[in-house]
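Here the structure comes first, spelled out in structure tokens, and everything after it is commentary.
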Amino acid sequence: MKRDFIDLWNLDPEEAWYIVKRTLKVKKGEEVQDRVLEGRNVAMIFTKPSTRTRVSFEVAISFLGGNAIFLQEKELQLARGESAQDTARTLSRYVDGCIVRNHSHHWLEEFAKWAEIPVINALTEKSHPCQVLSDVFTLYERFGEEVKNIKIAYVGDGNNLCNTWLVAGGLFGLNLFVATPEDYGPDSYYLQAGLDLSNFTGGNVYLTTNPGEAVRDADVVYTDVWFSMGDDSQDLKREALKEFQVNSDLLSLAKDSVLVMHCLPAKKGEEITEEVFDKYSDFIFLQAENRLHTQKVLLEFLFPKS
Ligand code: CP
Ligand code: NVA
């Protein structure tokens, strides 16, 4: 039975923790990875730009012995209207897996439904599970088992990262406070999934419109751009997000030991000030590095040796 990774809830809590904990062992060199992708091909269909996701996946695939085939939508018959269904059925006959970044989560679900091979979401307008899985690893690496007790605040736009954090809060049983403006909140479906999962795991997922409430005494403050790829809303949104900027005033409410995270790319001067970005850049680029380590283990999990 093929396993897809379209949203974080495609993993159960035990599997999600397994990936995070194994990533730490592999990163430290305590466990060796097999070349599980030896002789296998993975197609990467990207309709949006990417630096981290594309390169870390290509390197991870090569590390595991596989071959990545990078495909831009404009060069495929998709650009001329071929359906998700027919593209998935065709590619399933050539390659062993697909990694997809696009503008339509609905399209990706349809594609995965028809693909006979594992499909990984490399970001849609709704979710970015590879990023947040890796971010939870970064926090586990820093805080160990305490990660379930620290206060994590997400502050900013209710976008794909925000949606995915809500699910992560529930799945991993974290203590997560999310602050977004009233009119730019997360998708209710993802919020509900986070709340439902936290009933099982003992997590705490809380949504507010008050950034100060989320950041007060926080151990970690996370933010992302106010205008995601494909989001062309303008001044009204910028105005609504003004008080959600991660700056030194807002951070003065957090613990002295607070760490700041950003999935990158950052728009310095909007969601985060240059000063704050520079101060926490070691941790932010550790986050970026960890995409590679986590994805090696994710690939190993989704593509076990037959
Ligand atoms: N964080 C992230 O997904 O970065 P890219 O858009 O560069 O892949
Ligand atoms: N929310 C951002 C994340 C980029 C990695 C976007 O979708 O553009």
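The values are calculated or read from the model by the stated rules, or taken from the named source; none is laboratory data. As the structure is a prediction and not an experimental result, all values here were calculated from the model. Cβ coordinates were reconstructed from backbone atoms using ideal geometry, including for glycine residues, and neighbour counts include every protein chain displayed. For the accessible areas, the whole protein counts, side chains as well, though only heavy atoms, and no ligand, DNA or RNA atoms are used. Shrake-Rupley method; radii C 1.70, N 1.55, O 1.52, S 1.80 Å.
Structural remarks
- Screening Pro49 on (1) open to solvent by 50 Å² or more (accessible area, probe 1.4 Å); (2) part of a loop (DSSP other than H, G, I, E, B); (3) more than 16 Å from ligand 1 (Cβ to nearest atom); (4) in contact (Cβ under 8 Å) with a residue 60 or more places away in the chain shows it passes everything except condition (3).
- Taken across the range 223-243, residues that are in contact with a strand residue (DSSP E or B) (Cβ under 9 Å, 6 or more places away or on another chain) and more than 16 Å from ligand 1 (Cβ to nearest atom) do not occur at all.
- Considering residues of the range 132-155 that are surrounded by fewer than 22 Cβ atoms within 10 Å (Cβ to Cβ) and touching a helix residue (DSSP H, G or I) at 6+ places or on another chain (Cβ under 7 Å) only, the residue nearest to Leu251 (Cα to Cα): Ile150
- Taken over the range 71-120, the criterion of being among the charged types (D, E, K, R) and at pLDDT 95 or above is satisfied by Arg80, Glu82, Asp86, Arg89, Arg93, Asp96, Arg101, Glu109, Glu110, Lys113, Glu116.
- Helices (runs of 4 or more DSSP H) enclosed by the range 116-234 - at least 1 residues per element that are under 14 Å from the mean Cα position of the chain (by Cα): 129-143, 160-172, 188-201
- Ser252 falls short on exactly one of the conditions (1) within 25 Å of Glu125 (Cα to Cα); (2) open to solvent by 10 Å² or more (accessible area, probe 1.4 Å); (3) hydroxyl-bearing (Ser, Thr, Tyr), and that condition is (1).
- For the residues Phe177, Phe244, the requirement of being out of contact with any Pro (no Cβ under 9 Å at 6 or more places or on another chain), touching a residue at least 12 places away in the same chain (Cβ under 8 Å), among the aromatic types (Phe, Trp, Tyr) and on the phi < 0 side of the Ramachandran plot singles out Phe177.
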